[in-house]
Amino acid sequence: MAGCSSGESADQAAGSATQPAASASSAESARLRAALLPVPKGMRIAYGPELGAYGSLKSTQQGLEAMHQAKLERPECAGAAQLDATEPEVARAPAAVIAFSAARGSITQAVMSMPSASLPAPLPPQCSLYKATVGGSEVTYRTQTLTMPTKGQESRAYLTTASGGDKHAQIGTVIMRREHLIMSMLVVGEKVKPAGMFELARLADQNLARVTR
C-alpha cells in the first residue's frame, strides 16, 4: 500500500490516520461532559450523563415520541423555540445530556457542539397559548417569555404553565449559546421559580465559559 512504511500493515496505517480524528472526538466528548451541571442540592441523577449524536440520544428520542403522540391545536407550536432534533445538523451534533430529579420536580440539561451554532427562533406569538390532547386529556399551555440577564453570546428563557383537569405543572426553559456550544435546560415542577432558573443558567454559563477558553 502506497504510503505505508516498512513493516506497517494497511490496517495499522489506517488506524494511524484515524487516530487524530478519534482523539478529537474524545476530547470534544470530555469537554461536553465537563460543561454539564453538577448534581443540584437535594436532587439525584435520574439519567445520564449520556454522550453521542444529539438525535440518537435516549432523551431526544423520548421527546420526539411524546411530541408525535400529542395532538396540538397549533401543530406549528410543537417544539417551538427549542432545538429541532429532526434537522440533520442538530441531529448529528455531538451532545451530552443529564437529568436530575427530586420530589419537587426535575431538571434536564443538554449541551451540544455545533460549528455554526445559533439559537432557535424566538417563540411565535401564536404559541404563547394553545391546547393539546395528551394521553386522551386536553391540556392548555400558556407560555411567557422571561426577561433573563443575557448568558453567553445569546440566551432566552420561557416559563410554560400546563393545566388540564386537576393537573397543573410548570416547565421552565433556558437556552443559550457560547461560542460553538449550545445549552438547553428544562426545569419541571408544580411551581417553577424564575429566580431559580436564572441561577441554574448562571452556573451553566460558567461551565460553558470554562470549557470554551
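The values are calculated or read from the model by the stated rules, or taken from the named source; none is laboratory data. Not measured: the values here are computed from a predicted model. Don't worry about glycine lacking a Cβ; one is built from the backbone with ideal geometry, like all the others, and counts go over all protein chains shown. To get the accessible areas, we keep the full protein, side chains included, count just its heavy atoms, and leave off ligands, DNA and RNA. Shrake-Rupley method; radii C 1.70, N 1.55, O 1.52, S 1.80 Å.
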Select from segment 46-64 the residues that are open to solvent by 60 Å² or more (accessible area, probe 1.4 Å) and either in a loop (DSSP other than H, G, I, E, B) or out of contact with any Ser or Thr (no Cβ under 8 Å at 6 or more places or on another chain) (or both) and list them in ascending order.
SER56, LYS58, GLN61, GLN62
Taking the condition within 17 Å of ILE175 (Cα to Cα) and not in a loop (DSSP other than H, G, I, E, B), does ALA110 pass?
yes
Any chance segment 175-193 includes a residue that's small (Gly, Ala, Ser), open to solvent by 30 Å² or more (accessible area, probe 1.4 Å) and within 23 Å of GLU65 (Cα to Cα)?
no
Of the residues in segment 166-210, those that are touching a helix residue (DSSP H, G or I) at 6+ places or on another chain (Cβ under 6 Å) and basic (Lys, Arg) number 1
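With respect to LEU57, determine if the residue is hydrophobic (A, V, I, L, M, F, W, C) and closer than 21 Å to ARG142 by Cα. Don't jump to the end; show me each part of the working.
Values: hydrophobic (A, V, I, L, M, F, W, C): yes; closer than 21 Å to ARG142 by Cα: no.
When the stated conditions are applied, LEU57 does not pass them.
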Taking the conditions exactly as written (at pLDDT 95 or above, among the acidic types (Asp, Glu) and surrounded by fewer than 17 Cβ atoms within 10 Å (Cβ to Cβ)), does GLU199 satisfy them or not?
yes
Please specify each residue of segment 153-167 satisfying the condition of being open to solvent by 80 Å² or more (accessible area, probe 1.4 Å) and of a type in the set (Lys, Arg).
LYS167
Of all the residues that make up segment 153-209, how many are among the polar types (S, T, N, Q), part of a strand (DSSP E or B) and within 18 Å of SER116 (Cα to Cα)?
2
Pairs returned, first residue in segment 53-73 that is over 11 Å from THR133 (Cα atoms) and of a type in the set (A, V, I, L, M), second residue that is open to solvent by 80 Å² or more (accessible area, probe 1.4 Å) and not in a helix (DSSP H, G or I), beta-carbon separation under 9 angstrom, 6 or more apart or interchain, are ALA53/ARG92; LEU64/THR86
Which pairs do you get when a residue that is farther than 13 Å from VAL211 by Cβ and in contact (Cβ under 8 Å) with a residue 12 or more places away in the chain, found in segment 32-51, comes within reach of a residue that is surrounded by 14 or more Cβ atoms within 10 Å (Cβ to Cβ) and not hydrophobic (A, V, I, L, M, F, W, C), reach meaning Cβ atoms under 6 angstrom, with the pair 6+ apart or on two chains?
ALA46/SER101; PRO49/ARG33; LEU51/SER29
Quick check on my filter: what residues within segment 115-152 are under 21 Å from ARG177 (Cα atoms), part of a loop (DSSP other than H, G, I, E, B) and open to solvent by 50 Å² or more (accessible area, probe 1.4 Å)?
PRO115, SER116, SER118, ALA121, PRO122, THR147, PRO149, THR150
Could you say whether any residue in segment 68-77 is of a type outside the set (Lys, Arg), in a loop (DSSP other than H, G, I, E, B) and either open to solvent by less than 40 Å² (accessible area, probe 1.4 Å) or touching a helix residue (DSSP H, G or I) at 6+ places or on another chain (Cβ under 6 Å) (or both)?
yes
